[in-house]
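*Asks:* I'd like to ask some things about the structure below.
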């Protein structure tokens, strides 16, 4: 990470169906050198940030103000890019959101970024899910200027965590120039019970582990769920029919439907970036090949014909290429091919075996699982196979998934033996900031949604 | 006679039922077994296939090739299946935990298919056979050492009355 002073920055306003957004200008004077944090080769020092508790405009909104500020701070500190200056060190006090900020008071405690905000309940109460209005401003303390315009979010009380995440994404964007990843969700498989007879339940939660919901009962084994691009559907592999079959489920309706009713085993489904197509593996006899299903025409096209196992396919962000895993050269390796040519080219040559390729949302990297000398790694390489870097190592690390902005990977790590079980972890693209995610039970097969 | 002794040993739990241990059994075991009224498993019972032939075979790492021992077991399964034509078979393919989940599903399918092909080639009707892969989802043994992994890389012949 490098902190530089660059002449221009972008102000991004978000418009979504859930949260109403209205920008409103501040008197902040634009200078020529606002703060810009560039994420380069890993975080050397996190940016010191002050985030006093948002001002409660009414007594009834105090608890909400506390909670929103806490989630916002957890997002920013959790990214590894920010460090919170503790409240007891603050000299300045924010009691009126619209009063001018005394930059000297924040400079004195070496804050470089200040976030202020206010929370008011428009109507009803938190109990009746009344509307809230949350305002915030971001300040570059060193330059003594506003970092972007003040904004406000208006939402139902029940969406308060999303409001906090959206403010976090705004701060992340204003400071780094890149999109954030906080207002997002993770779908994964919860695992319970003995290792030899695990119960597995499709589960969805916010990226930070809040709002856990189970989508299946646990009666059938479920494997490797993936979000549709608009996050309304989950596609996964289920044993509900007695053998593995690809199933789709609308998150709200929760009625699983088999994608392709054939006697053969189908598995490892992945949506295309536009949501119109799905890649799957189909096993006939000893042979597993990759097929593409056009969801509008319901036509299936066979993409690989090699007698080996071809599986774990994934689209490139432009939808024109795929990467997949194949043991056509004996050990499982990674291959890439153009969909209009269908000529696979091997890209993994670093020794050991490779699986589960995942294309970065930026298109520049492919993350993978690697097995080498009895250990498992999560790693990344460029799309042509160059620049391989291993980010983790353990008894069993598997199944990486990218944050919406391509800066962070979540994967699962399984401990050894009878008492061992899988858990979700996150790690920066740089290999730093390895953290375990909080889940109700064992957890595996994560997939990260796009920004909501 | 040796087979019968081994059978009884299985029933009363005196010793393991693995092939090759029959010769170590003493004739006394037969006598005592009979005295306590224990019955041998009848050949017609699916339990015979499980206990006396062996309902499973094992594979090397990342392999679906049938070993000599595996083919011997499967040959006996063929004899049983041809003599007991009223049973259908589901062949379950499994993998150990040392591979990625989706690859292991395909690998388990390849192992199940290796057994299915052997049974068909040796005269079992294909219409009686189905396969299912569990990948690494259902290990037989939970430890994370080769002694467990070698038992988890398996194909299991499960019978049901048709």
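Throughout, read-outs are computed from the coordinates displayed, never taken from laboratory work. Worth saying up front: this structure is predicted, and the values here are computed from it rather than measured. Quick reminder, even Gly has a Cβ in these numbers, built from the backbone with ideal geometry, and neighbours come from all protein chains shown.
*Asks:* When Cβ neighbours within 10 Å are restricted to other protein chains, what is their mean count per residue of peptide A:407-420?
*Replies:* For this peptide, the per-residue mean of nearby foreign Cβ atoms is 2.
*Asks:* Determine by what factor the alpha-carbon radius of gyration of segment A:62-130 differs from 2.2 N^0.38 Å, reporting the quotient.
*Replies:* Relative to the rule-of-thumb radius for its length, segment A:62-130 sits at 1.30.
*Asks:* Peptide B:132-144: average number of partner chain Cβ atoms within 10 Å per residue?
*Replies:* That average works out to 5.
*Asks:* Cα centroids of segment A:119-169 and segment B:77-155: how far apart, whole angstrom?
*Replies:* For segment A:119-169 versus segment B:77-155, the Cα centre distance is 57 Å.
*Asks:* Please report how far the C-alpha centroid of segment A:313-382 lies from that of segment A:401-438, rounded to the nearest whole angstrom.
*Replies:* Cα centroid to Cα centroid, the span is 19 Å.
*Asks:* Starting from the Cα-Cα distance between residue B:85 and residue B:122, subtract it from 0.36 nm times their residue separation and give me the gain in nm to one decimal.
*Replies:* 11.9 nm
*Asks:* Taking R0 as 41 Å, what FRET efficiency do you get between residue A:250 and residue B:160 from their Cβ-Cβ distance, rounded to the nearest 0.05?
*Replies:* Using R0 = 41 Å, I get an efficiency of 0.70.
*Asks:* What is the Å³ per residue value for the convex hull set by the Cα atoms of segment B:56-161?
*Replies:* Enclosed volume per residue, from the Cα hull, is 88 Å³.
*Asks:* Right, here's the next one. Over the Cα atoms of segment A:185-448, what Rg and Dmax result, in angstrom?
*Replies:* My reading of the Cα-based Rg and Dmax gives 17.2, 48 Å.
*Asks:* If R0 is 25 Å, what FRET efficiency do you get for residue A:123 and residue A:66 from their C-beta distance, rounded to 0.05?
*Replies:* Using R0 = 25 Å, I get an efficiency of 0.75.
*Asks:* What are the extents of the Cα atoms of segment A:358-452 along their three principal axes, listed from largest to smallest and rounded to whole Å?
*Replies:* 39, 38, 20
*Asks:* OK, next. With contacts defined as alpha carbon pairs under 8 Å and 6 or more residues apart, what's the relative contact order of chain A in percent?
*Replies:* Across chain A, relative contact order equals 10 percent.
*Asks:* While we're here: Starting from the Cα of residue A:299, step 7 Å along the direction of its Cβ; do the same at residue B:63; then give the gap between the two resulting points in nm.
*Replies:* Distance between label points: 4.4 nm.
*Asks:* Given q = 0.13, 0.14 Å⁻¹, what are the Debye log10 I(q)/I(0) values for segment A:259-406, with equal point scatterers placed on the Cα positions and solvent ignored?
*Replies:* So the normalised log intensities work out to -0.55, -0.64.
*Asks:* Over all residues in B:88-101, what is the mean tally of Cβ atoms on other chains that come within 10 Å of each residue's Cβ?
*Replies:* 4
*Asks:* So for the protein assembly as shown, what percent of the C-alpha to C-alpha distances run longer than 38 Å?
*Replies:* 43 percent
*Asks:* Per DSSP H run of at least 4 residues, take -39500 (n - 2.57); add these up for the protein assembly as shown, divide by its residues and hand me the 222 nm value, nearest 500 deg cm²/dmol.
*Replies:* It comes out at -5500 deg cm²/dmol, rounded to the nearest 500.
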